[in-house]
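Worksheet for the structure shown next.
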Amino acid sequence: MGVKITLQKVLETLEAESLIPDAPLERTLEYACASDLMSDVLTFSRPKSILLTGLVTPQTVRTAEVADLLAVCFVFGKEPTGETIRLAKETGIPLFRTPYSLFTASGMLYALGITSCRDSK
């Protein structure tokens with residue numbers, strides 16, 4: 001089992017920007033999922049995890065909602081669509097944006113002690 005880390009710590013570690021004002025950054029997670037395939041997220045993620053992805057469409061937020069994820073972090077500094085941000089606000093899912101690649105961001109969270117969703121089952 002991994003360590004529990006707040007979303008605030010994730011935000012700081014990934015030098016990320018929060019795209020949702022007043023996002024609940026005190027929530028804690030211990031797992032992360034990294035994928036651009038939302039079918040893999042639905043199959044392999046764990047509830048209360050963070051999703052790292054380059055997919056910036058509303059489908060990502062819908063997937064996070066169905067999978068009961070705590071937050072989504074877009075990599076490579078990608079900008080989500082307005083519809084994606086609107087949907088995240090409606091569903092209460094924090095959105096972050098980091099300049100790092102999916103590989104690097106995943107490694108940074110792993111270094112904090114966050115475990116992969118797939119490896120922890």
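Only the coordinates and a few stated rules stand behind these numbers; no lab work does. The structure displayed is predicted, hence computed values, not measured ones. Note that we place each Cβ from the backbone using ideal geometry, even for glycine, and neighbour counts take in every protein chain shown.
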Charges on Cβ only, +1 for Lys and Arg, -1 for Asp and Glu, centred on the Cα centroid of the range 1-64; of Thr53, Ala16, Cys33, which one is farthest towards the dipole's positive end?
Cys33
State which entries of Lys4/Lys89; Lys4/Lys48; Lys48/Lys78 exceed 19 angstrom in Cα-Cα distance in the structure shown.
Lys4/Lys89; Lys48/Lys78
Can you tell me the dipole magnitude for the chain around its Cα centre, using point charges on the Cβ only (Lys, Arg +1; Asp, Glu -1), in Debye to the nearest 20?
240 debye
I'm spelling it out carefully: the read-out is mean projected area of the Cα convex hull in nm², the candidates are [x] 11.1; [y] 6.0; [z] 6.9, and one was derived from this structure. Which label?
[y]
